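S.K.: A single structure is presented below for examination.
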Amino acid sequence: MLTVHNLSHAFEDVEVLKGIDLTIEKGTKTAIIGPSGSGKSTLLKCLNHLVIPTQGDIVYQGTPITQENVMRIRPHMAMVFQGFELFSHMTALKNVTYALEVVHQKSKEEAEKIALDALKEVGLEDKKDAYPMHLSGGQKQRVAIARALATKPEMILFDEPTSALDPEMVAEVLTVIEALKSKDVTILLVTHEIGFAKAMADRMIFMKEGEIIVDQPTSDFFQSDHPDLTQFLSKIYHA
Amino acid sequence: MFQFDAIIPWLSYLSQGTLMTLALAFFSASFGLLIAVMVNYLRQTGKLANVLAFYIDLFRGTPLLLQLSMMYYAIPRLISGVLNSVFGLEMMLQLSPFQAAIITFSLNSGAYVSEIIRAGMAAIPKGEIDAAKSLGVSKWHIFKDILLPVGLRNSFPSLINELITLIKESSIVSLIGLLDLMRRQQIVTAQTFLYFEPLLVVGIIYYTLVKLISFTGRLVERKWLYAYRT
């Protein structure tokens, strides 16, 4: 479904991604873990060209992603951000209907119906008229997930969806994401929640300093004796 | 000491200048805002960057009085001369003082307001724009539905400031003979030989106008603009 070949990115002189090769199959759930600064978020943002790679190819459903055609691919590849990034001047409902109306050409009524269903799915139907300012962090992230789900994407990129949340709000967001496990949608999840990644993903990737170090099915991943991974995991478990 | 009774017959004449002052400020602020919105859209698309930078530098870098004099006295003659010498057209272009004032103030205000709106847009978190992009929203819709409405709201207090500045700065139109508040004060002074009284009346009118605008601005901010923030 998605193939990445020799993908590199540098911010000025700093190489953030160094020749990444990756293939994501349709319907799979893949989690990426790794220390801060390992290039996980940059990798996700390169996939939908929010960050334009300095080198390499990304092929989505047989079509190479370029600056010119990325607008046609983005509607099928939703993204959920660490900082929620809801449109602050729009209500929860409008946040969800917006792309449906201007990108997916739905009528207002149709968009609202889809959006209400999506908000219901994340348990926030009663907050449809609230502005992001009036929602808790967990609620904001659930609206952001509803915004992504409403467009019926083939793939969802989760960029550390719980990292900016207070601890007591993490569970409500993870529950919503976990509900997607049984669905067809392809998921690429960058996270620090190792336990959740283990439960959610069928494949796990460990990145360090812009490179993929370990890439295995979840069942084998935790058996890996790669020193960088064992060191990283021991730090997390002892935190 | 004071002869306020001598200017009572002139009060209605003076207050008629208020309409001219308000019309100048209203039209110039509206056209200026329109220019500023277009400048910011073009800036987003990356087109005409040098032309836009030159326009803003030009109108911020020269005195308003010079711009008004250019627009009223010099430019129409220059264009007439060019039309005459290049195309052989015998015509003498002339702008009315009102037209010259509106064009000059709109262009001048547009340059300042462009920068005010740019700052308002720059305050929008980049993540919100990224979120819109990630959903496949086009540049035009991002500008129209996110950058512009939020940018204008962020800039609102400075935009009110600009309107207030226009109300007061527009008084230089008295130099090209437009009968605004200040010009009428000069006429009343010439007729009555009184300075303090008509100046005081005109000052009170300006002050009241500005007070009304700032009060309305605050009201709009509180009741409507920032409902999603508080």
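The values are calculated or read from the model by the stated rules, or taken from the named source; none is laboratory data. Values in this document were obtained by computation on a predicted structure and should not be read as measured data. Cβ sites come from the backbone with ideal geometry, for glycine too, and all protein chains shown count toward neighbours. Note: areas computed on protein heavy atoms with side chains; ligands, DNA, RNA excluded. Shrake-Rupley method; radii C 1.70, N 1.55, O 1.52, S 1.80 Å.
S.K.: Find the residue count for the range A:161-179, including only residues that are under 14 Å from the mean Cα position of the chain (by Cα) and crowded, with 19+ Cβ neighbours inside 10 Å.
M.R.: 6
S.K.: Across the range B:1-22, what is the number of residues that are under 17 Å from the mean Cα position of the chain (by Cα), open to solvent by 30 Å² or more (accessible area, probe 1.4 Å) and touching a residue at least 12 places away in the same chain (Cβ under 8 Å)? Please lay out each step first, then the result.
M.R.: Here is the first cut: in the range B:1-22, the ones under 17 Å from the mean Cα position of the chain (by Cα) are B:18-22.
Still in the list and also open to solvent by 30 Å² or more (accessible area, probe 1.4 Å): B:19-20, B:22.
Now restrict to residues that are touching a residue at least 12 places away in the same chain (Cβ under 8 Å): B:20, B:22.
Going through the range B:1-22 one residue at a time, the tally reaches 2.
Here is a yes/no grid of residues against (1) away from chain A (no Cβ under 14 Å); (2) open to solvent by less than 40 Å² (accessible area, probe 1.4 Å); (3) outside any helix (DSSP H, G or I):
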| position | (1), (2), (3) |
| --- | --- |
| B:179 | yes, no, yes |
| B:186 | yes, no, no |
| B:190 | yes, no, no |
| B:194 | yes, yes, yes |
| B:211 | yes, no, no |
| B:215 | yes, no, no |
| B:220 | yes, no, no |
| B:224 | no, no, no |
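S.K.: Of the conditions (1) within 24 Å of residue A:75 (Cα to Cα); (2) open to solvent by less than 60 Å² (accessible area, probe 1.4 Å), residue A:138 satisfies every one except a single condition; which number is it?
M.R.: The failed condition is (1).
S.K.: Quick one: which residue in B:223, B:211, B:168 is modelled with pLDDT of 95 or more and of a type outside the set (A, V, I, L, M)?
M.R.: Working: B:223 fails: modelled with pLDDT of 95 or more; B:168 fails: modelled with pLDDT of 95 or more.
Being modelled with pLDDT of 95 or more and of a type outside the set (A, V, I, L, M) holds for just one of B:223, B:211, B:168, which is B:211.
S.K.: Another question about this same structure. Could you pull out every one of the helices (runs of 4 or more DSSP H) wholly within the range A:70-167 that has 1 or more residues that are at pLDDT below 95 and among the acidic types (Asp, Glu)?
M.R.: Details: elements: A:70-73, A:92-102, A:108-121, A:137-150.
Where helices (runs of 4 or more DSSP H) fall fully within the range A:70-167 and carry at least 1 residues being at pLDDT below 95 and among the acidic types (Asp, Glu), they are A:108-121.
S.K.: Now for a separate question. Would you confirm whether any residue within the range B:42-52 is within 15 Å of residue B:110 (Cα to Cα) and not hydrophobic (A, V, I, L, M, F, W, C)? Working first, answer last.
M.R.: Let us first name the residues in the range B:42-52 that are within 15 Å of residue B:110 (Cα to Cα), namely B:42-43, B:51-52.
With the extra rule that they be not hydrophobic (A, V, I, L, M, F, W, C), the set shrinks to B:43.
Within the range B:42-52, one or more residues are within 15 Å of residue B:110 (Cα to Cα) and not hydrophobic (A, V, I, L, M, F, W, C).
S.K.: While we're here: Taking residue B:134 and the conditions (1) at pLDDT below 95; (2) closer than 21 Å to residue A:84 by Cα; (3) open to solvent by less than 10 Å² (accessible area, probe 1.4 Å), which numbered condition does it fall short on, given that it satisfies the others?
M.R.: Unmet for residue B:134, out of (1) at pLDDT below 95; (2) closer than 21 Å to residue A:84 by Cα; (3) open to solvent by less than 10 Å² (accessible area, probe 1.4 Å): (1).
S.K.: Mind listing whichever residues of the range A:65-89 are over 24 Å from residue A:189 (Cβ atoms) and either surrounded by fewer than 22 Cβ atoms within 10 Å (Cβ to Cβ) or more than 8 Å from chain B (Cβ to nearest Cβ) (or both)?
M.R.: Narrowing the range A:65-89 to residues over 24 Å from residue A:189 (Cβ atoms): A:66-69, A:71-72, A:88-89.
Selection gives A:66, A:67, A:68, A:69, A:71, A:72, A:88.
S.K.: Follow-up question, since we're still on this one. For residues that are closer than 18 Å to residue A:143 by Cα and part of a helix (DSSP H, G or I), scanning just the range B:122-137, find the one that is farthest from the chain's Cα centre (by Cα).
M.R.: My answer is B:134.
To keep it simple, each residue is scored yes or no on (1) of a type outside the set (A, V, I, L, M, F, W, C); (2) surrounded by 12 or more Cβ atoms within 10 Å (Cβ to Cβ).
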{"site": "B:51", "(1), (2)": "no, no"}
{"site": "B:65", "(1), (2)": "no, yes"}
{"site": "B:84", "(1), (2)": "yes, yes"}
{"site": "B:88", "(1), (2)": "yes, no"}
{"site": "B:94", "(1), (2)": "yes, yes"}
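S.K.: Hey, another quick one. Output the number of the condition that residue A:199 fails; it satisfies all remaining conditions of (1) open to solvent by less than 60 Å² (accessible area, probe 1.4 Å); (2) under 22 Å from residue A:148 (Cβ atoms); (3) touching a residue at least 24 places away in the same chain (Cβ under 8 Å).
M.R.: Exception for residue A:199: condition (3).
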